[in-house]
Every structure is written in structure tokens, then in C-alpha cells.
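Read the structure below first, then the notes.
Rule-based calculations on the coordinates, nothing more; no lab input. Since the structure is predicted, the reported quantities are computational estimates derived from the model, not experimental observations. Quick reminder, even Gly has a Cβ in these numbers, built from the backbone with ideal geometry, and neighbours come from all protein chains shown.
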Amino acid sequence: MLRWRLAIGALLIAALAGICWLDAHAQRGGAYLAALAAVAALLAAGEMLRLGRRRGIQASASSAYVAAVMPVAFSAMPVFFPQLQFNLALGNLGWLALGVTLALMDAFISEMRRYQAPGHAAAGVAHLAVMVLYVGGLVGMLVQLRIVMPPTMVAGWSGLFPLLSMIATVKLSDTCQYFVGRSAGRRKLAPLISPGKTWEGAVGGILVATLAAAGGLTWIARGGFDAPYFAAACVYALTVAIAGLFGDLGESLLKRDAGVKDSSEWLPGFGGVLDLLDSILFAGPVAYLWWVSGALEY
């Protein structure tokens, strides 16, 4: 299984690198990654439907896909219609809020159309609402992180730095937690939710990843060691890695409740799209707050 993980992981990294190259050289920075986010949201919606059906929740499939992709589509509006940028009170984030709001309304309307007898409507609405927020909202935040830089910096590799720094930090943390946990893990972190995770793996892996990620971010952003920037990057990497851990546990909670090991089985060694995205979904909003506040610069 480790061999499968390494082989497929290498292919996924290569594919992401290729899409990022296209995105960095696109006329509209963020276009390719926004399209990738929409596809990921649709695939994740299918997996959420599967998890719901394991619990006896028969939500509308069409509404589930709308619930997942609408916030992502609205979040990408400034990418394809730059003239609309900053026209809302919350800036670009207002588009995501609008998408989430409309998708939630659609969830209720969907269950109104399907209603026949008491006992199922609330569960259906709740499941669709989770898709709106967990899939659509959090994937939409990844789109927001891609365009969080000033408009003059969105195009090119500079605009990709916030998103890629978050992904690299989280995946480095995931990897370090895995190997530290395998070698030194003793005490279970959350045995009922994720039996394989240990306190030693989580703490040790996050600390190692924090120092490594902060060093890499500082070197890329400053061209060498810069003590104030390194200190800020350490706190950034630490908070992002911790959020990533909770994201991993959050998806494990959904799978454990549904009685499945993976969200789907189409990627040997990885599972499904939610298994790939789980940690970065929680880390994205945390990273966004750092970059939109100006606490980190590039």
C-alpha cells in the first residue's frame, strides 16, 4: 500500500504542478485552479451522497451537486469577471458568501419539492447544508486563497504563493505526523474517530513540519534567513498545520459515523477526493486570514 501511495502521490503532485504552471501563465490568474476546484467539489459531493446513504439519508443528487459547486462558482467570479472585483462590501469574499446563501436556499427548495411525508425532510436539508458549507464553502475558500493577493500580483507565480504555501505546509505536516507516529507513537489521539493517530505523531510531526515549512517560506519570500519573517512564518505554519489536523479528524468523523474506511475507493492508498482534501479544507480559511490581514507578505 505504501508503494501505491508513493506512486499515485507522485502522479498527483506532477498533475498539480502542471495545472499550477498553466494557471500561473494564464491570461486570467486562477482560471485553471478554479476549474479544478469545481471538479473536486462535484466529486466530493458524490462522496458525501455515498456517506449519507450509508446512514439512510436520501438527499437529492442534483441538489447535492448544486450545493457543492455553487459556492465555488460564485467564489471564482472575480477570476472570470475582474471588473466585478471589490464591488461587494466584503470584497471577493462576498461572492463566496452569496454562493453559500443561494445554495442553502436551494437545499430547502429541493426538499420542499420532494416532500411527501414526515420523517426525512430535516435530515435531507441538514445533509445538503453540510455539503454547502463543508464542500462548497471550504473549497470556495481555496479559490479565495488563490486570488487573495492584490490584483496586480494575482497573475504569475506570485499569486499562487499563498495557496501553495498552505498546501505544502499541510501535506508536509501530514507526512511528518505519519512517520513520527509510526516510529514513536504510543498514546492514541482520538481512538474512536481515527485509531491510527497518536499524540506523539501529531505533536512531533506538526513541530517538525512547522520548522521546515517556515524555513522554506522564509527562504523563498526573503531569499535568505530573516528572523522576524521566520518567526511569523513559524506561527503561520503552526496554525495551518493544527487546522489541517482538525480537518483530517473532521472527515474521519464523517467516515466513522457512516461505517466506511475511505470516502471512496478510486485512488488506491488514498481513498477519495475528500480523503485528499480533508486537511487543506480546514487549513484554507486559516491561511486566508493570515494573507488577507497582511501579517505575511511575499
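Quick one: how many lysine pairs in the chain have C-alpha atoms under 18 angstrom apart, if they're 8 or more apart or on different chains?
5
Distance in nm between label sites at Leu133 and Lys261, each 7 Å beyond Cα in the beta-carbon direction?
Rounded to a tenth, the inter-label distance reads 3.1 nm.
Given R₀ = 41 Å, FRET efficiency for Ser62-Val203 by Cβ-Cβ distance, to 0.05?
Rounded to the nearest 0.05, the efficiency is 0.40.
Can you work out the PRE-style zone for Ser158? Point 7 Å along Cα to Cβ, and I want the residues of region 1-31 with backbone N under 14 Å.
29
Using only alpha carbon pairs under 8 Å that are at least six residues apart, calculate the relative contact order of region 27-155 and give it in whole percent.
37 percent.
When the helix-only estimate is applied to the chain (DSSP H runs of n ≥ 4, each -39,500 (n - 2.57), divided by the residue count), what is the mean residue ellipticity at 222 nm, nearest 500 deg cm²/dmol?
-24500 deg cm²/dmol
Given springs between every Cα pair under 10 Å in a Gaussian network model of the chain, which of Tyr236, Tyr65, Tyr178 has the largest fluctuation?
Tyr178
Measure off 7 Å from each Cα along the Cα-to-Cβ vector at Trp21 and Ile220, then give the distance between these two points in nanometres to one decimal.
1.7 nm
Roughly speaking, what is the centre-to-centre gap between region 111-161 and region 1-54 when only Cα atoms are used, to the nearest Å?
Their Cα centres are 16 Å away from one another.
Set the Förster distance to 45 Å, then compute FRET efficiency between Arg186 and Tyr115 from the Cβ-Cβ distance, nearest 0.05.
Calculated transfer efficiency: 0.30.
Once you've got the GNM for the chain with C-alpha springs shorter than 10 Å, pick whichever of Leu33, Leu102, Leu192 has the biggest mean-square fluctuation.
Leu192
With the crude spin-label approximation of a point 7 Å out along Cα→Cβ, what separation in nm comes out for Phe81 versus Ala35?
Modelled inter-label distance: 2.0 nm.
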